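Computed from the coordinates by the stated procedures, all read-outs in this text should not be read as laboratory data. Note that this is a predicted model, so its numbers are computed, not measured. So basically every Cβ, Gly included, is an ideal-geometry build from the backbone, and we count neighbours across all protein chains shown.
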Amino acid sequence: MRLLGKACVTVCLVLAAGTGCTGGGADPEHTAPPPTPTPKPTRSTAPETPGAEPPHPVSIPGLVAREHRGSGLRLGTVRLRTDAYTQYAVTYEANGLTISGLMNVPAGKGPFPALVLAHGYIDPDVYTTGRGLAREQDLLARNGYVVLHTDYRNHAGSDDDPDNDVDLRLGYTEDVIAAVRALRSSGRTEIDGDRIGLLGRSMGGGVVYNTLVVAPGLVDAAVVYAPVSSRPDENLDHFQRRAGDPVVARIEAEHGSPRENPVFWREISPVTYVDRVTEPLLIHHGTADDTCPLRWSERTAAAFEAAGKDVRLVKYAGEGHTFYARWRDSMTTTMDFFERRLR
């Protein structure tokens, strides 16, 4: 597999406590809140045990208890042909919904390792298929990876889930889990189903955190860029409440506020269940990120470390949320990481 030359990167291992999802503010790829699942707050959210009340469906235990299905990967029209890869419009099935996206398939025989990409927040009303991680889609495919960029439900050509925002966008986590399963079950000779990783940015970083907690062993490694907090209540305050998003009132009417229903908010936070994670995690974060504060990643890394997990936080001095000056360096580190973990 081709790799970019090594570049100097400022590396820092840190400890943290968190995992969440949202994007917001000035970032062209993000503009608001967090990711999460579906129904009501009046039920217990504890993991299911014999004789116990089932977990609340809008919770990490609720997602853990659910059977996740991903299948029917279909390659549609060719969107782009380059000397290194072909890009296809794709759809796949995720727990009964059809999800759209793009897939880059490298030129050559394969099978190639695969990566599922989880984009950051972009208003679904303006989102177009494949938008959000175009640089990463291109570079990773040029370096020998099949790249599946999921649009998520309610985006582009995907089916609609009217409860997704009120249920803290946990549906995006289901879509990413299903994307991995659809790749693995596709039977396509270009795809090595035994070598699959995740990459998420901003809100998509929170989706990756959720996926690692809900489905340990699903993938081989994960990378996140400028991720949101691992605590959805913190994301809600930072992005949506400050912006006066009317969805906040609907969320709290359905699930209670963090003060009124602390159990719900604790059990919807992936950091609460970080002990379940089995895959190595690489976190990239700029020190000048004014959309997702660096302290969020520091606390998340700390929580992973405290639980004895394989985590590495790389800090980039002066880099903002969108990773311009140091992006090439960060991708060299990312591909070195995947090359080691997806052998």
Amide hydrogen neighbours beyond the local backbone of Phe112, cut-off 5 Å, H modeled:
Ile191, Asp192
Which residues' amide hydrogens lie under 5 Å from the amide hydrogen of Asn143, considering only partners 5 or more residues apart or on another chain, with H built in the peptide plane?
none
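Within 10 Å of each residue's Cβ, count the other Cβ atoms and sort His285, His68, His155 from fewest upward.
Details: His285 29, His68 20, His155 24.
Listing His285, His68, His155 from fewest to most nearby Cβ atoms yields His68, His155, His285.
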Karplus 3J(HN,Hα) series, Hz, for region 179-196 with 6.51 cos²θ - 1.76 cosθ + 1.60 (x for Gly, Pro):
4, 5, 5, 5, 4, 5, 9, 5, x, 6, 6, 6, 9, 8, x, 8, 9, 9
For helix 203-214, report the angle its Cα long axis makes with the longest principal axis of the Cα atoms of the chain; keep it between 0 and 90° and round to the nearest 10°.
80 degrees
How long is the gain from Val263 to Asp123 if the chain were fully straight, where each residue apart is worth 0.36 nm and the alpha carbon distance is subtracted?
47.5 nm
Go ahead and estimate [θ] at 222 nm for the chain from helices alone: -39,500 (n - 2.57) per DSSP H run with n ≥ 4, summed, over the residue count, rounded to 500.
-7500 deg cm²/dmol
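Within 10 Å of each candidate Cβ there may be at most 13 other Cβ atoms; applying that plus a DSSP loop requirement, which trypsin sites (Lys or Arg not before Pro) in region 233-281 survive? Write out the running numbers ahead of the final one.
On the way: sites: Arg241, Arg242, Arg250, Arg259, Arg266, Arg276; in loops: Arg242, Arg259.
Answer in residue order: Arg242, Arg259.
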So for region 60-341, averaging the separation of alpha carbon pairs under 8 Å that are six or more residues apart and normalising by length, what relative contact order in percent results?
16 percent
What are the ³J(HN,Hα) values, in whole Hz, obtained from phi via the Karplus relation 6.51 cos²θ - 1.76 cosθ + 1.60 with θ = phi - 60°, for each residue of region 84-97 in sequence order, with x given for Gly and Pro?
10, 7, 10, 9, 10, 6, 9, 9, 8, 9, 9, 6, x, 9
Helix 327-341 vs. the chain, principal-axis angle (Cα, 0 to 90°, nearest 10)
90 degrees
Karplus (6.51, -1.76, 1.60) ³J(HN,Hα), θ = phi - 60°, over region 117-133, in Hz, Gly and Pro reported as x:
9, 10, 6, x, 5, 9, 3, x, 5, 10, 5, 10, 3, x, 6, x, 9
